[in-house]
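Single-structure report; data block below.
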Amino acid sequence: MSAPGAGGEFVRVVAEVFEVDPTEVVDGAGPDTLAAWTSLRHLQLMVTLEEAYGLSFSYREIRDLRSIGQVRDVMRAKGAKV
């Protein structure tokens, strides 16, 4: 797995999973602001990010992540450049 570049690749992946314009992928976005953020899409996002960045999320992280900003923070703590 190659580590994607900073920010842009992360935004592209999130936008693709949620089928939204990349301009909607902002740190404050979450289930309350993105209609496409369903429980199924949430899991799809986590799996897609794990595969794209070669990292792993715990059950607790998957359960508790509720915004793009939180996802970025956890990924950065794992060493990803997002």
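Things to note:
- When Val71 is tested against (1) in contact (Cβ under 8 Å) with a residue 60 or more places away in the chain; (2) in a helix (DSSP H, G or I), exactly one condition is not met: (1).
- Gly5 passes every criterion in (1) surrounded by 13 or more Cβ atoms within 10 Å (Cβ to Cβ); (2) modelled with pLDDT under 95 apart from (1).
- Residues (among the β-branched types (Val, Ile, Thr) and outside any helix (DSSP H, G or I)) located in segment 32-67: Thr33, Thr38
- Scoring Ala15 on the criteria (1) over 17 Å from Lys78 (Cβ atoms); (2) surrounded by fewer than 15 Cβ atoms within 10 Å (Cβ to Cβ) leaves a single failure, condition (2).
- The one condition in (1) surrounded by 11 or more Cβ atoms within 10 Å (Cβ to Cβ); (2) modelled with pLDDT under 95 that Asp73 fails to fulfil: (2)
The values are calculated or read from the model by the stated rules, or taken from the named source; none is laboratory data. Because the structure is predicted, anything quoted here is derived from the model rather than measured. Cβ sites come from the backbone with ideal geometry, for glycine too, and all protein chains shown count toward neighbours.
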